[in-house]
Every structure is written in structure tokens, then in C-alpha cells.
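*Asks:* Pasting a structure below so you can have a look.
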Amino acid sequence: MSQRLVPRPNNQKWQKLEDNEEEPELDGLKTPDSEFSDKNLKNKTPHVITNYLPVKTWPSLLVEYSLSFGKILNNEDKPPSPVNERREKIRVLSGLREYLLSHGVNIQWSSDGTLLWSTARFDSQPGTHASQPHVEYNDVEFQTQNGSVKKISFVLLNHQADYNLTNPASTFPGYDLIREPKLITAMNAIVMEQISLAQKTSTTGHLHVEQVGANKFFYDKAWAHLSGGGRFDQNRKGDLITMRGYFISVRPSADNRLLLNVNTATSAFFQPMLVSQFLTNWGGNLPKASEILKGVRVRITYDRDQHENTSNANPNDEEYRTKYITEIIEGRLNRQKFSKRGQKQGPPEGSLVLDYYKELGLRPQSSNNCLVNCGTPLDRNGHPTPGTLFYPAEYLEITPYNIIKRTLNGNHSDAMKDVAILPLTFGPGLLKIPAAFLPPPDVLYSGTLRKTGTGAMGIRNARWSFKHGTEVCKFREPATIEDLFVIRLTYNSFAVNMDQIYSNFITACTKHGMISKCLPLGRLDQQRNLLNIPIQRDQTFEALYPHLLTSLRSKIQSSFSVANRAATHKPLALIILPSQDADLYGAVKKVFDCALGMPNICCQSEKLAKTNPTFSESYLFNLTAKANFKLGGQVHKLDDRSWAGVDTERLLIMGADVTHPSPGSPLGTPSIAALVGSVNNDLVTFEGSVRLQKSRSEIIGNMEEMARERILSWSARNRAFPIKIIFYRDGVSESQYDAVRRHEIQAIRDAYDKIVVDGQKPQLKGLLQITFLVVGKRHNTRFYPDGDDNTTSKDNSNVKPGLLVDSVVTRGNIKLPDGKVITAKDFYLQSHQALLGTARSAHYVVLENEVQKRVRGGVFVKLSDHDIQTITHSCCYTYSRCTSAVSYCTPAYYADRLCARAREYFKSCRNLVDKPGARRDEQDRQDYDDYVEQWKSDVPRRISTNPAWQPYTDAPNPWWGARWIGDAMFWL
């Protein structure tokens, strides 16, 4: 039977935006064009413009339901099956929507598959008016992904809450930690549903805007190729494109009105093409391409036979051609078998996949011999499981609007900036709100050298020079270089003057005050200290790590004894990398941090001038700063007045973050939690702890254990116990604030109380003061100058650094579930000078505020809003790796960097993440899901004790102990 290939519908083709073409407005979204005015804001300066608009009209009622689903009624020979996947629940709800409309029930509603929100109460029976708290609909028909029509026994709407929005001031009396995130989700679900429906019914003749995710809409004509030039990019136009669009969200304001947040959005997408073409473009790196393609939406390009029991549904209608890639199976097209319908699953048996498609009149001839599985994954032995679906790669097409859910490589990111940096035209409806600007703290180097916010050589736009006139800044606490190795990893024989690099680097270190005990060139054993290590291009971490470990261990570790290392001998390695290769970088860090225990610095060979082996002056300063703090020194500190009058003698500042596996990683791949803590009252030098935890779990499960390490480390250096902790927690969403308070803050208290009791200071138990802030970076609030020179940066059109906003678009005091109120404002702080695009402020939310300071008369008071804001701003100036303020507070930034370093270490453990056992035919789905969740919890526990992650049984972290590199910021 001959089958024809079906082209993609014309209305899904994308076109570039011409210079003279205007972008459309979002149908279904109406906002007023009136400027924000409020008598409370008059005569206050300065002001900034923000990307919010006031909402004038809104439904008077929002109703929240939880959803319960019955079982899908299958054929007589197959028992009813539960609804588990979110996609399947959404299809059921689409059937429910058609059912309700056909019975005259026209209520605006939206759902995420777990909750449902509506603008009115549902009737118990269509056509009646009796409102019921719980509503059940029976035998609801819906269409499955392949076009067949099935019924579900029931859909139950369980009434949860009514939100009266007639008066927003009464609905939002303050930031309720539990209620408000749910209400914000409900409001946005309704808004997005209406915009999406309005676009689909637009009368403009074709679709202008496509919704991607919960809150983003992309314009179908505003796109460009991403020619990243990466090592796998063999297609001149690339496999990726970038599109621009809008982010939209409804939020309550500090004065309890409703605001609409609108922001430009730029994202990377897969370019529509056959999967086989994508795999070919990626050349010989099929494992990497396969990882990227996991979860990507594809379209079947050939006509299929009509299914049984499909009613009038045609499986070849566009809506039923969609599948999602589970995995790419390499080299199996000619030999893979799959089970026929109705057969029991097990080892491969039945017909060959290739023969099956030949019987359909198709001729799979994939050059890479790959099959695509769009069903359930193969089991741990590589055998099909119930629901495995095989397709040849050339009969699946990557569909439009497939967003990239992973980090782009550096080349793609650079190419994307050209599209992402767009001018924003301010309409008359954007709010103008009051703001303040915090002055920079004084930055101190060695001696009396001080960088201030005034003077020709001071801090300008949150940046300063490493020079002071003709004088070079010397480090505040210079470290000693005992021994230096210059190591070049090379693909070729490109000549590099290694001895000159060695000499120039030591000269630069001593110029900034460091002490060198390294041998001069005339006495140097160059075969010992200047090493060339050959490597091959495009090797994976798994190939690079053992090669580097063997080569370097034999050449370096024999050069110094463990006895010397245990005392003060800390050699430094300067490593020259041939390219920006993530696997190579990870292998180098794993070898030096975990196997050799040697402080190390990486630099790029491209930074070396081809004709002159010297570094640029600023780049060399950056390298010497790294050398100084990695060897235990201190680059700079802040003036004592920077800390808002808080006594720093007994103050410990901490930062924490959690990083999750990238999309496409094997199921169960652990998340990584990191905690850093300051070690003295300068609040500049930090040490860190790392733990593996359950995949995609945001709450830090080992907080007590890691907090104990950081408190004990501080105590060992200061011969006392801290009594105040200021904590910055990165990466927490609004819905998780309460869980963080209940689990993580309590874990810190528990760790402290146990330590002081064990340390013979039981009188300190229960007296620890904690001020705990959540740091948010991934928000869509932006601020722009209002045209006044007092708010505009002199370097670009951004707002000046130091911007502080704590009204109108913030929420104020937090109401806790137990009725307690945290009387501290959340605030936005733009501490840095953005180099490209619109600067993004960090958002800080205070979840606990107990730290006190002494004021006049010897009275102790809790930190004020201004105190917390000042301390946070100062923390942005303590980052040791640069001469500028960073975009968010340094403790959280350090924790983020430590997470990233630990993720490099984990590359050696990727093969330890196996698959869970396959579900047995007789096993209940819920029982199997519970088993998988337990298996996910077991994976990090099992890997944590494996030598591939933890080579030292007497150390809690995967790197060498504190005597070697762990007592310094080796991960920066």
C-alpha cells in the first residue's frame, strides 16, 4: 500500500519580520492607556518607569476547584486505566469543555490538570441553576492523541475556595504566604486562556501569536537563524532559531490594586526539519543530539491506517499527528523488533520495524540508522516496554514552536543577543513609580588604598579600576605561591612561549602584593613545571577524565610529597585550554579539585597573543585575583560602615542554591544543593558544602548537615560561636516560600542548637538570630529611566546602579500561616551596571527577620528595611573575582557557582544513574509511581557513597579536605 508524505500546513510556516511591518497587539488583552497617578507619589523624586499597567476591569469572582479523574473506559478485553499524564488530563478537559458548551454552560475557566479556576460556580447538572460545592460529570468523551475517541468514567470538580475580586484591597490585605501564590496562579490562568482563545478566533486571517508555556506568546514573523558556529553546527543556517514575543502576568501591587506585567521575551527554538536531518547536522555526536531531542514535539509525516473505534476522528488530522520524543535509539533500524498489538511485552520479538514500514510502502533509509521512540522508554536491558512506539527518523518532523529547554552553548548565546537586545517603546499606560538610589560602599585594598563613590579614581557605575592613578591595587591579604605549574592542553603543535607565561604570571602576582617562592626561570626545571599535554578534539568527559588523570598524576603528584602538602605547601596550576569545551573544562576541574587537590586556574589559549606571549593587563589582574583567593588570600574588603551598624564580630553570612538536571537528563539524575558561609568578620571569604539530593527537589534535604559544617568552620576560625546569621537563598519560587521557612530555617536552628550544646555553651541554645531572604532573578519586572539625568546611567540607557524599589510593584509584609507577620518589605535592587540590554534587578523577599543591632542608649532593635537593603547592596560588592558590583548578592552567587562546579564533578557519575525497573502488567499504576519516586530518592544516596562522586571516606564533600583546597574559594 503506497503512502504519501503530508507536508506541514501552510498556516504553520514562519516568516521573517520585515523592517516596515508592525507587530500585532495581543487579541483578547485590553489595557488602559492612562498613566499611573496617585496623590501619594506626587512630589517624590526620583522616579522610574516600570513595565506594569493598571488593570481597570476584572471578573468579580474566581472559583478554585481541585480535580479528580475516574478511569478511562477501554475495550472489553482491557480493564479501565487511570489518567496519569498531564497531557492526557488536558485532553480529557478539552472533551469536558466541548461537553459543557454543547449543554449551554458557557463559563470562562482554565486548568493545569490539577486545579481548575473559573469565573463562576459550575452547576451540578447543565441547564439547572442550583450551585453546588462539588460537581461531577460522568462518561465524558475525549479524543486521545492518536485520534481515537474514549470515555472517562467521571471528572469531579471539588470546590476549594471562592475569591471575591470586587474589591482587590480586601482580597489582598497583605502577602499571604499560602493564599496569594495560588490566587496569582488562578488569575493568570484565566487571563492566558482568554488571550489564547482570542488568538485562535482572530479574524485577521492567520495566526499572529502563539502561546508557549504558561505566560509567553511569540510572534510568528519575528524570528532569525541562530548560526552559533558551534562544533556540531554543520548546517550553515544552524538547527536553532530565535523568536521574540511577550511575557504577560497579572499581579497585585503593594497598595492592593491589580497590575499587568508585560515584558519582551526572546527564546531559542528548534528549526522545523526532519529529525533525520537534525541528526545528520550533528555529525558523529549522536548521543549529544539525542539528549537535546528528548521531549521535543514532532509530527508524523506519513498517512496512517484508520484506527478501530475512532468514531469520526481521522488519525491523519493534524491534531493527531503529534508525538513527543522519548529517546533516540542508535544503530537499530535494521534489526529492532517490536511487539505486535496484544502481545505480552518482554525481550524483542515479532516483526522487524524496518519490514513493517516497508509493508506500508515506505522506504526508511536513514543514513544514521536511527530509530525514534515516542512511547514509553526501553527498559534497563534495552528491551521494549508496554507502550514503546518506534518511528524511523526521516518520518518525523520537528514542529514549530519547540522551545529549547536547556542552556545554549556560548556561540549560540552570543548570536541570540543580536535579537534579544531590542528597544522598548514606552506607552502612556506604563507606571511611573518612586525609587531610591543607594551609594556604593567603600572598597578597601592593602594599606590605605580605598575606592569610594567620589573622586577621579573611585567607583563609577558600580565599577572601579584595579589601578589607582599610577599605583596598582595590592590585595588586602596577599597569599603565597609556593610552586607554579603551567600546563597547556593542546590539539596541535601551535607554539606558545611557556617560560614567558610562567615569568609574566609570577611578576603580575608579586606586583599585586602576593609572595612568590617559585623558582626563577634560570633555576626552573622546565620539564617539571612547564607541561604540554596532548588531547583529541571533540572527546567526551568520559574519555578525557581518565586520560588527564593518568597524564597529570604521573607528572605532577610525584613532584611534591604528601608530607609537605599537609603542612603549608600549596602548588598552583595555571592551565591553558585550547577551546571553550564544557566536557574538557569539567574533566580538568574533576582532576585537580578531586583527584590531585591542587588549586588551579583555567585560561583560554585565544586570550594569549599569537605574536606576544603576554596577557592583557586586565585579564592578567583577573587571573592573579583568582590565584590570591584560591591560595587563601583576600582580594579586597569593605569599609566597616558598609554593614548598617551591625556588629560583624559574631555575624555569619550564608548563601544557598540548588541546581537541577538539564532537560533530557536520565530520569532520576540528582539535583545538587550547595551552601556557602563566611569565615570571618570581613564577610568576603567563604567556604562551601555540597550534597546530592532527590531529582528536581528544591527544598534542601541536607540543610542541617551542611549548616553544621559551615557553623563549625566559622567557629574554628573565630574561636567562638556566631549569634547572628543573615541568609540568602537563591532559586525559590513563590509557591515554595512556606516550605523553605518550615524546613530550611528550622534545620539551621537545629544545627546551631546541637553545636552549642556539644560545645559546652548550652546557654546559647535557642538564641540564634536569623534574617532569611530569598533572592529572585528569573522575574519579569523591569525598570527604565524616566528621562531624568538623575536616574539614567551615563554608559547606556539603563537606570543607574544602586536602584532600589520597595513600593507599588512590591507586596510588603508577609502573613504566615500561623498568623505571624514578617514586618519587612520585599524590594528590587539593581546593584550592577548592565553591559547589554535592559538591566534586570534582583528581587529580595524577607521570610524571617530576627537579627538585631545596637542603637543609641544601648538598646537592641531588629534590622529595619533600610538596614537589610544596605547590607544586601554591600554584599554585591564583595565578589572577589571582579572589580565591579555583581547583579545579585555575593553569597547567593557563590552558592550558584559551587553548584555549577559540583555539576562538573557529577559528569563522572552519569553512568551510575540507571533506569527504574519496568512496570509489571499486573502492577497498579499508582503503586508503580510510588516505587519510581522512592527509586529517585535512593539514587542520590547510592551515588553519594560511590568513589566516583566521593573518593574520600573521611570527607563530607567530593573534593580534597580543608587542608588542601577546601579552606579557600577554589570553585570560583
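The values are calculated or read from the model by the stated rules, or taken from the named source; none is laboratory data. Everything numeric here is computed off the predicted structure, so don't read it as measured data. Every residue, glycine as well, gets a Cβ built from its backbone with ideal geometry; the counts of neighbours run over all protein chains shown. For accessibility, only protein heavy atoms count, side chains too; no ligands or nucleic acids. Shrake-Rupley method; radii C 1.70, N 1.55, O 1.52, S 1.80 Å.
*Asks:* Let's test the formula: R0 of 30 Å, r as the Cβ-Cβ distance of residue 945 and residue 538. What FRET efficiency results, to the nearest 0.05?
*Replies:* Approximately 0.35, to the nearest 0.05.
*Asks:* Residues in segment 810-848, backbone N under 16 Å from the label point at residue 178 (7 Å along the Cα-to-beta-carbon vector): list them, ranges by number please.
*Replies:* 814-822
*Asks:* Largest first, what is the accessible-area ranking of 475, 721 with a 1.4 Å probe?
*Replies:* Final ranking, largest accessible area leading: 721, 475.
*Asks:* Per residue, how much accessible area does segment 744-820 show when a 1.4 Å probe rolls over the protein heavy atoms, in square angstrom?
*Replies:* The answer is 43 Å² per residue.
*Asks:* Based on the alpha-carbon gyration tensor of segment 630-744 and its eigenvalue square roots a ≥ b ≥ c, which shape applies: rounded if a/c is under 1.5, prolate if not and a/b is larger than b/c, or oblate?
*Replies:* prolate
*Asks:* Taking amide H positions as placed in the peptide plane 1.01 Å from N, state which residues far from residue 401 in sequence (5 or more) or on other chains have amide H under 5 Å from it.
*Replies:* When sequence neighbours closer than 5 places are left aside, there are no close amide H contacts.
*Asks:* For labels at residue 914 and residue 114 in the simple 7 Å Cα→Cβ model, what's the distance in nm?
*Replies:* It works out to 3.1 nm between the two label points.
*Asks:* First compute the accessible area of segment 924-966 with a 1.4 Å probe, then give the percent of it belonging to carbon and sulfur atoms.
*Replies:* After summing per-atom areas, the C and S share lands at 50 percent.
*Asks:* Still on this structure, I have one more. Say the cut-off is 20 Å between C-alpha atoms; which of 517/630; 820/862; 216/936; 216/777; 607/800; 71/151 go over it?
*Replies:* 216/936; 607/800
*Asks:* Multiplying the sequence separation of residue 554 and residue 746 by 0.36 nm and subtracting their Cα-Cα distance, what value in nm do you get?
*Replies:* 64.4 nm
*Asks:* What FRET efficiency comes out for residue 497 versus residue 446 if R0 is 30 angstrom and r is the Cβ-Cβ distance? Round to the nearest 0.05.
*Replies:* 0.45
*Asks:* Work out from phi, with θ = phi - 60° and the Karplus expression 6.51 cos²θ - 1.76 cosθ + 1.60, the ³J(HN,Hα) of each residue of segment 104-116, listed in order in whole Hz, and give x for Gly and Pro.
*Replies:* The phi angles translate into x, 8, 10, 10, 6, 8, 8, 8, 9, x, 10, 10, 10 Hz.
*Asks:* Still on this model: Can you give the extra length, in nm with one decimal, that the chain gains between residue 900 and residue 526 once fully stretched, where that is 0.36 nm per residue apart less the Cα-Cα distance?
*Replies:* Extra length from residue 900 to residue 526 when fully extended: 131.3 nm.
*Asks:* Among rounded, prolate and oblate, which fits segment 851-926 when a ≥ b ≥ c are the square roots of the eigenvalues of its C-alpha gyration tensor, a/c under 1.5 means rounded, and a/b larger than b/c means prolate?
*Replies:* The shape class here is oblate.
*Asks:* A further question on this structure: With each label point set 7 Å from Cα along the Cα-Cβ vector, what nm distance links residue 859 and residue 641?
*Replies:* 2.4 nm
*Asks:* Next question. If R₀ is 25 angstrom, what is the calculated FRET efficiency for the pair residue 667 and residue 101, using the beta carbon separation as r and rounding to 0.05?
*Replies:* Computed FRET efficiency for residue 667 and residue 101 comes out at 0.05.
*Asks:* Let me ask you something else. Roughly how much of residue 296 is accessible, in Å² to the nearest 10, using a 1.4 Å probe?
*Replies:* The accessible area of residue 296 comes to roughly 10 Å².
*Asks:* Along Cα→Cβ, 7 Å out, is where each label goes; now give me the distance between the ones at residue 167 and residue 753 in nm to one decimal.
*Replies:* 4.2 nm
*Asks:* Between segment 505-542 and segment 50-86, how far is it from one alpha carbon centroid to the other, in angstrom?
*Replies:* 61 Å
*Asks:* What is the magnitude of the charge dipole of segment 731-847 about its Cα centre, with +1 placed on the Cβ of each Lys and Arg, -1 on the Cβ of each Asp and Glu, and no other charges, expressed in debye to the nearest 20?
*Replies:* Computed about the Cα centre, the dipole is about 240 debye.
*Asks:* Still on this structure, please answer the following. Any idea of the accessible area per residue across segment 47-112, 1.4 Å probe, to the nearest Å²?
*Replies:* On a per-residue basis, 52 Å².
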